[in-house]
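Computed from the coordinates by the stated procedures, all read-outs in this text should not be read as laboratory data. What you are looking at is a predicted structure, and each value in this text was computed from that prediction instead of being measured. When we count neighbours, we look across all protein chains shown, and the Cβ atoms used for this are built from the backbone with ideal geometry, even at glycine.
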Amino acid sequence: MSMHIANGRWVVWLSFFVAMLFQIMPLPELVEAWRPDWLLLVMIYWAMALPHRYNILSAWILGVMLDIMLGAHLGVRALSMSLVIYVVVLHFQRLRNFPMWQQALMIACLICLHHLVIFWIQFVVGNVTFNVDLFLPAISSLIIWPWVFWVLRRVRRLYKVR
């Protein structure tokens, strides 16, 4: 019994690791602005599926790790991801019952919130100007969410993650 629980945790943290790799993987300039927020998408899925286990603390830890890997101001993404995951955990039952298209729209709104918080903090700390390209990852995340949801749900069922 405890072996399955331990395996489930390793599967989730492995999915976070893979999402982190996708998040920092170099892309061509043409598609760099469209990069989906892989780590946040995976974190949103696990927060919706298991809100008692993967919640604000997990988001904070992963956000700090992402800040370190990107060389950004420490805590910017941690705060932003924690805020988004707080909203997800607060409304996880409602989000679970939405149809996939409505879920994807809500995820896009949460990704927009994530990028607006990052922009606001960077604006306060440094000299940053607003650009509409800020919302392009929300569009690509909206498109990719059904596949992320499907893959992670299959992984969760296959490895009996609880």
The list (1) 15.6, 50; (2) 15.5, 53; (3) 15.1, 42 gives values of Rg and Dmax of the Cα atoms in Å, and only one came from this structure; which label was calculated from it?
-> (2)
About its Cα centre, the chain carries a charge dipole, from +1 on Lys and Arg Cβ atoms and -1 on Asp and Glu Cβ atoms, whose size in debye to the nearest 20 is 980 debye
At what distance in nm do the modelled label points of Leu105 and Asp133 sit from each other, each positioned 7 Å from its Cα along Cα→Cβ?
-> 2.9 nm
Calculated SAXS-style log₁₀ I(q)/I(0) at q = 0.15 Å⁻¹ - region 107-162, Debye, Cα scatterers = -0.57
So, in Å, what gap is there between the alpha-carbon centers of region 54-70 and region 119-154?
-> 16 Å
Which of Leu40, Leu113, Ala138, positive extreme of dipole for the chain (C-beta unit charges) | Leu40
For His73 and Trp150 in the same chain, what is the full-extension length gain: residue separation times 0.36 nm, less their Cα-Cα distance, in nm?
-> 24.4 nm
For the chain, modelled as a Gaussian network with Cα springs under 10 Å, which listed residue fluctuates most, Val76, Val88, Val31?
-> Val31
For Trp120 and Leu57, calculate 0.36 nm times their separation in residues minus their Cα-Cα distance, and state this gained length in nm to one decimal.
-> 20.5 nm
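Which whole-number percent gives the relative contact order of the chain, counting Cα pairs below 8 Å spaced six or more residues apart?
So the answer I get is 31 percent.
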